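The values are calculated or read from the model by the stated rules, or taken from the named source; none is laboratory data. Keep in mind that what you see is a predicted model, and the values were worked out from it rather than measured. Here Cβ is always computed from backbone atoms with ideal geometry, including for glycine, and neighbour counts include all displayed protein chains. In case anyone asks, the SASA skips ligands and DNA or RNA and just uses the protein heavy atoms, side chains included. Shrake-Rupley method; radii C 1.70, N 1.55, O 1.52, S 1.80 Å.
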Amino acid sequence: MAAPGRHVGHYIHKNSRFLLNNVEQLWWHRSFGWSPAVRQQTATIKKESTEAIVIPKKKTWSKEAVLEALSSTVNRDHTAYQYQFQDDPYLSPRTSAEFKLYSLSQESGRAAAKYFVDNNPKFFTKDFAEPHIPCLMPESVSLRLEDVSEEALKERISLRKVKAAVDMYDQLLQAGTAVSMETTHDLLDVISLYCDRDPVQEGGPETEDTEGSGEELGRRRGRVRRASDLLKSVWRENNNAERIFNLLPERDAQCYSALIRGMVKHGAYVKAFNTYTDMLNNRLTADVHIFNALISAAPELREKYNERWDLISELLNQMGEQKIQPNLLTFNSVLKALRRCGSLAKTHALQTLSEMRALGIAPSLASFDHVLGIFYKAATITQSQTDILQEVMSEVAGTSFTCQDPDDVLFFSNAMRVCLDTKDMEQGYKVHSLVGVGENWRLLGDSYQQSIYYGRFFNLLCMMEHIDVVLKWYRQLIPSLYYPNAQGMRDLLQALDTDGRLDLLPTIWKDVRSLGHYNKSDLVDELLALMAREKHSPEVQESFAACALDVKSVFEGDRGRPSLEWSTSSLSHITALLLRANRSQQAWEMLHLFKTKNRIPSDVLLEDFLSMCGSTGAPERAVELVQLSAAFCLPATPRLAQRALAEFDLTEEQRTILSELQSSWDPTE
Amino acid sequence: MAAHTSKAFLSLGRINGPGLGFHNSLTRVTYATALSTTNSTGNKGFPDRGNRGAFVRKPRREAGEPRTEKMAVNQDWTAVYSAAAPFKPGSVPLPVRMGYPVKGGVPPEKKGNLELIKIPNFLHLTPAAIKKHCEALKPFCTEWPSALDTEATLDEHFPIKLESTDYISAGTSVRNPSARIVHLKVKLSRLNLDDHARKKMLRLVGDRYCKDTDILTIRADSCPLRQQNYEYAMYLLTVLYHESWKTESWEAERTAADMDEYSWEDSPSQKNILDTLAHMKMAGEGEGEAVREELLGRPEVQEYRDSVMRLKNEGESESSMHQYREAVKKVLNL
């Protein structure tokens, strides 16, 4: 965009001349570097001026302040897709599957580029960017130091090469070199964090057994969380961390901390508590991280609710005895553990919250999330009499939160779930307005969490609000923020039905098609049923007929691929719609389709057909119709034959055919 | 449905197997042959050898409808084009046409029109957007001093004006070497210069002085940074001022050819007129010097002097020639 840039530069050039003129003048005036001649002049002027010239002090601001100010003028564009995609009708993702595919492909492209840059640093030595952009320059990913020394060990630790680090440490021990305590702490930390395995290199070639750390899983947007992924890392008996730990001549609290936290993270809860007891026996004081880990592990160790709570309170007491200050994560783990403590959690949760306030620790969204989870259990939601949600929302209203706990991102979807279950629209709006405050939009989570949140919000809207409001939100949310699934579309159809706006059905069908739900048979069937249920005004009927033809083309395997199976209901609905709009030829083709798909049309349909044939005056058609119904062995055949004979003027042979059919189907036989 | 069909044929295959004496395994899947019904259009994975030879590729993806269809008439345009962006036909709801018209037709439409993409557009700088930007930038500005309300006051209090330019472009670097240039403008009438100093200053600066506006412009671009150029420009101004006040010893060696203005005293013209008058009139009236003095004092001679000076300094023109003519007539009593 050099050309526009030049023009813009020109524009700013003109403006800056004016601005800088003034700035420079002021600058000059205050710089005290006056040349003697002018000094004279200004001296005289000062005496003569009637009003003192007050020059205001120049304001200073950060480098990004102007950009931030300008960006605050920009609102959201409702029709645009997400900003990272190309804004083009062909290239924007229209379905949620496309969204995932495109965003993943963008990420993989970036990862591939980073891989190349990091592995070939000799081609990327020259730095073009001014000011410097660090993330575009190559990072060191391969080891440089090959000798057996503590520096090499530190390098391996910083590059997260766990196995290499362990090997290096063993070599150092064998060589007899002492390793400093700090490095040992780092080593134990890194082994415990990654559970004694090498983490998957970001952007490197994907291996089959990707036992990554949590950060890898989080990076993949929209990836389905497989339970197997999270459980894959298991703390093995006597792995390297424990071995190194046992070999240490002296162990301090930080070593224990690394070990205990690693054990809790990777599922060895009993061992964690045993290690903690060891530590107490050695008369060391724990730190706050150990306690956080142990509290979160407490529900795994005990089965009964009160036992769990007893364990947690015991840990908290010990924490107080050892004079350790709790932090936000402590309270959050207490609340999280309370979620699994059944009914006695409610009082304790409120007590925990008040303690937090007493200590001056502001609760984060995760704390509120846990509180909501305690008070609104899914099974008993209709019987609960609490209005905790109102209290929580009033507490957090207008506050901008930052992410302090990994569970912060679950707050919004859970809050919306509660609103949905309690059918509280007002609170739903309050939750949604909280998303718009400050930086809270960052806490909506990845695209999967977002889709859950918006899905629930839209569901609530469809249930509770008038159709105009629903449509207004529909236009705002879809497809810029959220691709609804088939269930969401069905909710929308229901809302349309409730408020009697069935004339909007053809536009909804267009959206259903572009969202990729045209192959969901129950959705399509419901749409057709709604359209065909009653008679509407002629224009609406026309639009319905056009829509029905579109649906038909989908059934027939639009674009060479069959999507849906024909069912009796869909066939009859489409035929009925075509009949009502007087599209006789197409309706006739539909009847033939009935035959080919071995489906049986209903009597009402055939009666309608006969009336239409009567209005268009096509007696051969009428005869064919009766023959068709006979072929289907329908009980309505004699009635049809009778009507045909009565209403149409037919030739002799047609009459004979008809009378044969009529008689052959005599029910008395 | 495809699976359904193939299963049906599979069962047929099985039945026929023993009858036809096949020794092959009966679990072999039979392909759908030419007997299949209309559903053969759907069998993608199975190449239909009976009907078609080639295998049908996945059909080409179609473009969705452009988002201009969904845009409301009263939408916020500043949200759609919030920053400088190329022209996107699917996002701009205007029926724009551009280009050389098709023969006997109209210029091509906006869809796929490269001409519209090549040119710079200001869709992000509509008046509404500019208003919003100005409002957002107001907190960065300070108030203009109320005492400085006219140009005259400005000139009076701030006679030196400095100009420099900032550049923006889309590229790898925000630096632009042209941003270092500083122009310093000052009116010479504001500087305290006497006649000699002024003339010397004008000689020193040469082209940088504009006679019509009486502004001296110093352009500093030899240093790499704007700050350095500014300091150099101020230094230059100071030095010029002081130098023009100094009188060097060699300045006394000026000859008539070095003078900027024509001065009548001791010039050939004075000599000539005095000689002529002396010859004409007072032949033998007195000594040379006294006569000369007396002649110089006469008003006609002064007029003549003025007219000659005007002619020489300002050049020839209607009025100056006319004045010379009148003066000559008076002096020579014609």
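Looking at region A:88-142, which of the residues that are of a type in the set (S, T, Y) and free of Cβ contacts under 8 Å to residues at least 40 places away in the same chain is most open to solvent (accessible area, probe 1.4 Å)?
Among those residues, the one meeting the criterion is A:T125.
Only residues that are within 7 Å of chain B (Cβ to nearest Cβ) and charged (D, E, K, R): list them for region A:68-92, please.
A:R76, A:D77, A:D87, A:D88
Quick check, is B:E261 under 25 Å from B:A327 (Cα atoms) and of a type in the set (D, E)? Give the derivation first.
Values: under 25 Å from B:A327 (Cα atoms): yes; of a type in the set (D, E): yes.
Yes: the conditions hold for B:E261.
Taking the residues in region A:311-338 that are under 32 Å from the mean Cα position of the chain (by Cα) and hydrophobic (A, V, I, L, M, F, W, C) as candidates, determine which candidate is farthest from A:P406 (Cα to Cα).
Pass one, region A:311-338, residues under 32 Å from the mean Cα position of the chain (by Cα): A:327-338.
Those still in the list that are hydrophobic (A, V, I, L, M, F, W, C) too: A:328-329, A:331, A:334-335, A:337-338.
Working: A:L328: 12, A:L329: 10, A:F331: 14, A:V334: 15, A:L335: 14, A:A337: 15, A:L338: 17 Å.
By that ranking, first place goes to A:L338.
Residues that are modelled with pLDDT of 85 or more, within 15 Å of A:K520 (Cα to Cα) and crowded, with 17+ Cβ neighbours inside 10 Å: does region A:551-561 have at least one?
Yes, that holds for at least one residue.
Say whether the condition of being open to solvent by less than 30 Å² (accessible area, probe 1.4 Å), on the phi < 0 side of the Ramachandran plot and at the interface with chain A (Cβ under 8 Å from one of its Cβ atoms) is met by at least one residue in region B:167-190.
Looking through region B:167-190, none of the residues is open to solvent by less than 30 Å² (accessible area, probe 1.4 Å), on the phi < 0 side of the Ramachandran plot and at the interface with chain A (Cβ under 8 Å from one of its Cβ atoms).
Could you list, in sequence order, all residues of region A:312-343 that are outside any loop (DSSP other than H, G, I, E, B), open to solvent by 50 Å² or more (accessible area, probe 1.4 Å) and farther than 22 Å from A:S257 by Cα?
A:S343
Based on this model, can you work out whether A:A65 counts as within 11 Å of chain B (Cβ to nearest Cβ) and either farther than 22 Å from B:K111 by Cα or touching a strand residue (DSSP E or B) at 6+ places or on another chain (Cβ under 8 Å) (or both)? Lay out the reasoning, then the answer.
Working: within 11 Å of chain B (Cβ to nearest Cβ): yes; either farther than 22 Å from B:K111 by Cα or touching a strand residue (DSSP E or B) at 6+ places or on another chain (Cβ under 8 Å) (or both): yes.
Yes, satisfied.
Among the residues of region B:172-212, write down those that are touching a strand residue (DSSP E or B) at 6+ places or on another chain (Cβ under 9 Å), closer than 18 Å to B:Y235 by Cα and either without any contact (Cβ under 8 Å) to a residue 24 or more places away in the chain or not β-branched (V, I, T) (or both).
Of everything in region B:172-212, those that are touching a strand residue (DSSP E or B) at 6+ places or on another chain (Cβ under 9 Å), closer than 18 Å to B:Y235 by Cα and either without any contact (Cβ under 8 Å) to a residue 24 or more places away in the chain or not β-branched (V, I, T) (or both) turn out to be B:R180, B:H183, B:L184, B:K185, B:K187, B:L188, B:L191, B:M201, B:L202, B:R208, B:Y209.
Name the residues in region B:266-304 that are at pLDDT 80 or above and more than 16 Å from B:N333 (Cα to Cα), would you?
B:S267, B:P268, B:S269, B:Q270, B:K271, B:N272
This table checks each residue for (1) part of a loop (DSSP other than H, G, I, E, B); (2) in contact with a Ser or Thr (Cβ under 9 Å, 6 or more places away or on another chain); (3) surrounded by 13 or more Cβ atoms within 10 Å (Cβ to Cβ).
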position: B:G99; (1), (2), (3): yes, no, yes
position: B:V102; (1), (2), (3): yes, no, no
position: B:K132; (1), (2), (3): no, yes, yes
position: B:L137; (1), (2), (3): no, no, yes
position: B:E143; (1), (2), (3): yes, no, no
position: B:D149; (1), (2), (3): yes, no, no
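Can you find, within region A:249-274, the residue that is farthest from A:L193 (Cα to Cα) among those that are open to solvent by less than 20 Å² (accessible area, probe 1.4 Å) and in contact with a Leu (Cβ under 6 Å, 6 or more places away or on another chain)?
Per the stated criteria, the residue is A:C255.
Only one of these is in contact with a Phe, Trp or Tyr (Cβ under 7 Å, 6 or more places away or on another chain) and touching a residue at least 24 places away in the same chain (Cβ under 8 Å): A:Y448, A:Y454. Name it. Lay out the reasoning, then the answer.
Values: A:Y448 fails: in contact with a Phe, Trp or Tyr (Cβ under 7 Å, 6 or more places away or on another chain).
None of the others qualify; the one that does is A:Y454.
Identify, by number, the condition in (1) among the acidic types (D, E); (2) touching a strand residue (DSSP E or B) at 6+ places or on another chain (Cβ under 9 Å); (3) more than 14 Å from chain A (Cβ to nearest Cβ) that B:E231 doesn't meet.
It fails just one condition, (3).
Would you pick out the residues in region B:241-269 that are more than 22 Å from B:L193 (Cβ to Cβ) and either β-branched (V, I, T) or surrounded by 13 or more Cβ atoms within 10 Å (Cβ to Cβ) (or both)?
Those that are more than 22 Å from B:L193 (Cβ to Cβ) and either β-branched (V, I, T) or surrounded by 13 or more Cβ atoms within 10 Å (Cβ to Cβ) (or both): B:T255, B:W264, B:S267, B:S269.
Please verify whether region A:385-397 includes one or more residues that are at positive phi and open to solvent by 10 Å² or more (accessible area, probe 1.4 Å). Step through it out loud before you land on a result.
Here is the first cut: in region A:385-397, the residues at positive phi are none.
Taking every residue of region A:385-397 in turn, none turns out to be at positive phi and open to solvent by 10 Å² or more (accessible area, probe 1.4 Å).
Out of the residues in region B:62-86 that are more than 7 Å from chain A (Cβ to nearest Cβ) and part of a helix (DSSP H, G or I), state the one that is farthest from the chain's Cα centre (by Cα).
The selected residue is B:E69.
Scan region A:304-311 and tell me whether some residue there is in contact with a Phe, Trp or Tyr (Cβ under 7 Å, 6 or more places away or on another chain), crowded, with 21+ Cβ neighbours inside 10 Å and more than 22 Å from A:C255 (Cβ to Cβ). Please lay out each step first, then the result.
First, pick out the residues of region A:304-311 that are in contact with a Phe, Trp or Tyr (Cβ under 7 Å, 6 or more places away or on another chain): none.
Within region A:304-311, none of the residues are in contact with a Phe, Trp or Tyr (Cβ under 7 Å, 6 or more places away or on another chain), crowded, with 21+ Cβ neighbours inside 10 Å and more than 22 Å from A:C255 (Cβ to Cβ).
Restricting attention to region A:201-220, does a residue exist that is at pLDDT 80 or above, under 19 Å from A:A258 (Cα atoms) and not charged (D, E, K, R)? Before the answer, list the steps.
At the first step, the residues of region A:201-220 found to be at pLDDT 80 or above are none.
The answer is no, given that none of the residues of region A:201-220 is at pLDDT 80 or above, under 19 Å from A:A258 (Cα atoms) and not charged (D, E, K, R).
Out of B:P59, B:P108, B:P89, report the one residue that is open to solvent by 40 Å² or more (accessible area, probe 1.4 Å) and either charged (D, E, K, R) or more than 7 Å from chain A (Cβ to nearest Cβ) (or both).
Values: B:P59 fails: either charged (D, E, K, R) or more than 7 Å from chain A (Cβ to nearest Cβ) (or both); B:P89 fails: open to solvent by 40 Å² or more (accessible area, probe 1.4 Å).
Selected residue: B:P108, the only one of B:P59, B:P108, B:P89 that is open to solvent by 40 Å² or more (accessible area, probe 1.4 Å) and either charged (D, E, K, R) or more than 7 Å from chain A (Cβ to nearest Cβ) (or both).
Across region B:111-159, what is the number of residues that are of a type in the set (V, I, T), more than 7 Å from every other protein chain (Cβ to nearest Cβ) and either more than 22 Å from the chain's Cα centre (by Cα) or under 29 Å from B:K185 (Cβ atoms) (or both)?
Quick first cut of region B:111-159, residues of a type in the set (V, I, T) only: B:117, B:119, B:126, B:130, B:142, B:150, B:153.
Subset that is more than 7 Å from every other protein chain (Cβ to nearest Cβ): B:117, B:119, B:126, B:130, B:150, B:153.
Restricting the remaining residues to those that are either more than 22 Å from the chain's Cα centre (by Cα) or under 29 Å from B:K185 (Cβ atoms) (or both) gives B:117, B:150, B:153.
So the answer is 3.
Can you tell me which residue is nearest to B:A252 (Cα to Cα) among those in region B:203-213 that are open to solvent by 30 Å² or more (accessible area, probe 1.4 Å) and touching a helix residue (DSSP H, G or I) at 6+ places or on another chain (Cβ under 8 Å)? Before the answer, list the steps.
In the first step, residues of region B:203-213 are kept if they are open to solvent by 30 Å² or more (accessible area, probe 1.4 Å); the result is B:203-204, B:206-213.
Next, from what is left, pick out any that are touching a helix residue (DSSP H, G or I) at 6+ places or on another chain (Cβ under 8 Å): B:204, B:209.
Working: B:L204: 17, B:Y209: 25 Å.
Once the filter is applied, the top-ranked residue is B:L204.
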